[in-house]
Amino acid sequence: MLSKNIRSIRESRGLSQEELAIKLNVVRQTVSKWERGLSVPNSDMLISISEALDASVGTLLGEGVSEPEADGLSAIAEKLEVVNLQLARGRESRRRLVCGVLLALVIAIALAFACLVVLGSPYSHWDFADPELAVAGALYHGFEWVFVRIAPIALVVAIAGLFLLRKRG
């Protein structure tokens, strides 16, 4: 919500990301991250953004009508906490997805290795005088040759990825 509001208000004011970044003394990539929802400005920066865009902090945070509050900074902090929680949940779901894909890759590689070990090289006893068997044997051998060379690297990378993405604490 905050990211969409920053972008829409900036665009309605006719400012580019670069122009807003200059007004806020940040780099353009920071504004881009805010607008894509990859990071959230802190409360001081949120106030600076509201001043630069000539919009209330409540408007940036998605309030339709700004309500007078006794402690505006605590309200901003609460809203930022909600936004941070949403970002954390998104990061956690992406981490779980990547871990699931890497785990599936490890399992698939292990199963493929097991199948190759159990099957051995059956094409070595085939009659290659038959053109269809010759093509099938060449394809099987080609797969086996490529798999045995690439799969160990992919397996190590997938295991390292799982290790690096493990949940700490």
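The values are calculated or read from the model by the stated rules, or taken from the named source; none is laboratory data. Because the structure is predicted, anything quoted here is derived from the model rather than measured. A quick note on method: Cβ atoms are made from the backbone with ideal geometry, for glycine too, and the neighbour counts reach across all protein chains shown. Note: accessible area is taken over every heavy atom of the protein model, side chains too, but ligands, DNA and RNA are not part of it. Shrake-Rupley method; radii C 1.70, N 1.55, O 1.52, S 1.80 Å.
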Kindly indicate whether E67 is modelled with pLDDT under 90, within 29 Å of the chain's Cα centre (by Cα) and surrounded by fewer than 13 Cβ atoms within 10 Å (Cβ to Cβ). no
Residues of region 6-60 being small (G, A, S), within 15 Å of L80 (Cα to Cα) and open to solvent by less than 30 Å² (accessible area, probe 1.4 Å), which ones? G37, S50, G58
For G120, the lone unmet condition from (1) touching a residue at least 12 places away in the same chain (Cβ under 8 Å); (2) open to solvent by less than 60 Å² (accessible area, probe 1.4 Å) is (1)
Does F163 count as of a type in the set (A, V, I, L, M, F, W, C), part of a helix (DSSP H, G or I), modelled with pLDDT of 90 or more and loosely packed, with under 10 Cβ neighbours inside 10 Å? yes
Of the conditions (1) modelled with pLDDT of 90 or more; (2) surrounded by 11 or more Cβ atoms within 10 Å (Cβ to Cβ), V83 satisfies every one except a single condition; which number is it? (1)
